[in-house]
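The values are calculated or read from the model by the stated rules, or taken from the named source; none is laboratory data. All values reported here derive from a predicted model rather than from experimental measurement. Don't worry about glycine lacking a Cβ; one is built from the backbone with ideal geometry, like all the others, and counts go over all protein chains shown.
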Amino acid sequence: MPCELRRFRAFERQLHTIFKIFPNSQKHIENNISKLSKKPRNGDRYPGFGELEIRKLRIPLKAYNIGKSKGLRIITIYVPEKNIIAPLVIYKKGNHGSEKDVKSLIMSTIKEVKEELP
Amino acid sequence: MGATRTINNFTNTQNAIHDCISSLSDNPFVDRLRLYRFLFLGELRGRRAMHATRQLWEECEQFCENGACATNTFERTKDIREAYGSIINRLKQSGILSDFWVQMLADSMSEWDELVEDCYIAGDQKIREDIKNIADLL
């Protein structure tokens, strides 16, 4: 049974910015996001979250000749016991050594999502 | 058992890449041989280490909620990534290997960079707690 896909406003904002930069890949990106409800276990899993599954999906942008390694990243939260998946962050992979930037983006997104949730 | 094997794979990869860097001389013929040796043996070890780590993380369930493995792996993966960067820079300057091999090393470096990023994020306690809180509210 496909799981429920929740989309946060913070994620939608990031997605909107990505669409502006890569308009030719809009459909491809949307397809990948909607597939999440059928395949919530796609992507590499982060350790240390117990039964919660936090994963990173790598999306190539073929319309721009960008492969998986330089493509988009979507970090998802999958809660198996509730059968809910929520994409948290979407970003374009930067240069090597940009882990601090990614961490800041995640932290600011988490802050926005916490404000959005009841 | 899996964790011990993973750590051993990391140590082997670190040793292989640092041995390769320190053994590079000004003799292009000898350097080329050493680099080819690293490209076959060191790369194989590196890919094994990455695969074992991803597999271990895939299997981690309720018994692992502290992200200690990510914190422990972070420095090692970062060291390997920097070493790859160093080899690639030297190769670009010297031109002793063709672009094909340099690109192969650059691809490996990207994979290591990905692992560094994942370790850095998963090793952060604040992020782990916040994400668990969000999941509770879903």
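Using the structure shown, decide if A:Lys111 is at the interface with chain B (Cβ under 7 Å from one of its Cβ atoms), basic (Lys, Arg) and either assigned to a helix (DSSP H, G or I) or surrounded by 13 or more Cβ atoms within 10 Å (Cβ to Cβ) (or both).
Details: at the interface with chain B (Cβ under 7 Å from one of its Cβ atoms): no; basic (Lys, Arg): yes; either assigned to a helix (DSSP H, G or I) or surrounded by 13 or more Cβ atoms within 10 Å (Cβ to Cβ) (or both): yes.
When the stated conditions are applied, A:Lys111 does not pass them.
Within the stretch A:40-58, take every residue that is at the interface with chain B (Cβ under 7 Å from one of its Cβ atoms) and of a type in the set (A, V, I, L, M) and give me the one that is nearest to A:Lys103 (Cα to Cα).
Pass one, the stretch A:40-58, residues at the interface with chain B (Cβ under 7 Å from one of its Cβ atoms): A:44-52, A:54, A:56.
Still in the running and of a type in the set (A, V, I, L, M): A:52, A:54.
Values: A:Leu52: 19, A:Ile54: 14 Å.
Across the stretch A:40-58, the extreme among qualifying residues is A:Ile54.
Quick one: which residue in B:Ile134, B:Ile87 is under 27 Å from A:Ile77 (Cβ atoms) and surrounded by 14 or more Cβ atoms within 10 Å (Cβ to Cβ)? Please lay out each step first, then the result.
Values: B:Ile87 fails: under 27 Å from A:Ile77 (Cβ atoms).
Within the list B:Ile134, B:Ile87, the selection yields B:Ile134.
Of the conditions (1) within 8 Å of another protein chain (Cβ to nearest Cβ); (2) farther than 28 Å from A:Pro2 by Cα; (3) surrounded by fewer than 13 Cβ atoms within 10 Å (Cβ to Cβ), A:Lys103 satisfies every one except a single condition; which number is it?
(3)
Kindly provide the set of residues from the stretch B:47-70 that are modelled with pLDDT under 80 and under 24 Å from B:Ala16 (Cβ atoms), ordered by number.
Here is the first cut: in the stretch B:47-70, the ones modelled with pLDDT under 80 are B:59-70.
Passing the criteria: B:Cys69, B:Ala70.
Can you name the number of the only condition in (1) under 20 Å from A:Ile84 (Cβ atoms); (2) assigned to a strand (DSSP E or B) that A:Arg58 fails?
Single failed check for A:Arg58: (1).
Has the stretch B:89-112 got any residue that is basic (Lys, Arg), more than 9 Å from chain A (Cβ to nearest Cβ) and under 15 Å from B:Ile17 (Cα atoms)? Outline the logic, then answer.
From the stretch B:89-112, those basic (Lys, Arg) are B:90, B:92; that's our starting set.
Next, from what is left, pick out any that are more than 9 Å from chain A (Cβ to nearest Cβ): B:90, B:92.
With the extra rule that they be under 15 Å from B:Ile17 (Cα atoms), the set shrinks to B:90.
Within the stretch B:89-112, one or more residues are basic (Lys, Arg), more than 9 Å from chain A (Cβ to nearest Cβ) and under 15 Å from B:Ile17 (Cα atoms).
Here's the yes/no breakdown for (1) outside any loop (DSSP other than H, G, I, E, B); (2) more than 22 Å from A:Ile106 (Cα to Cα); (3) of a type in the set (Lys, Arg):
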position	(1), (2), (3)
A:Met1	no, yes, no
A:Gln14	yes, no, no
A:Lys20	yes, no, yes
A:His28	yes, yes, no
A:Asn42	no, no, no
A:Pro47	no, no, no
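Restricting the stretch A:86-100 to residues that are at the interface with another protein chain (Cβ under 9 Å from one of its Cβ atoms) and under 21 Å from A:Ser37 (Cα atoms), which is surrounded by the fewest Cβ atoms within 10 Å (Cβ to Cβ)?
Only one residue fits best here, namely A:Leu88.
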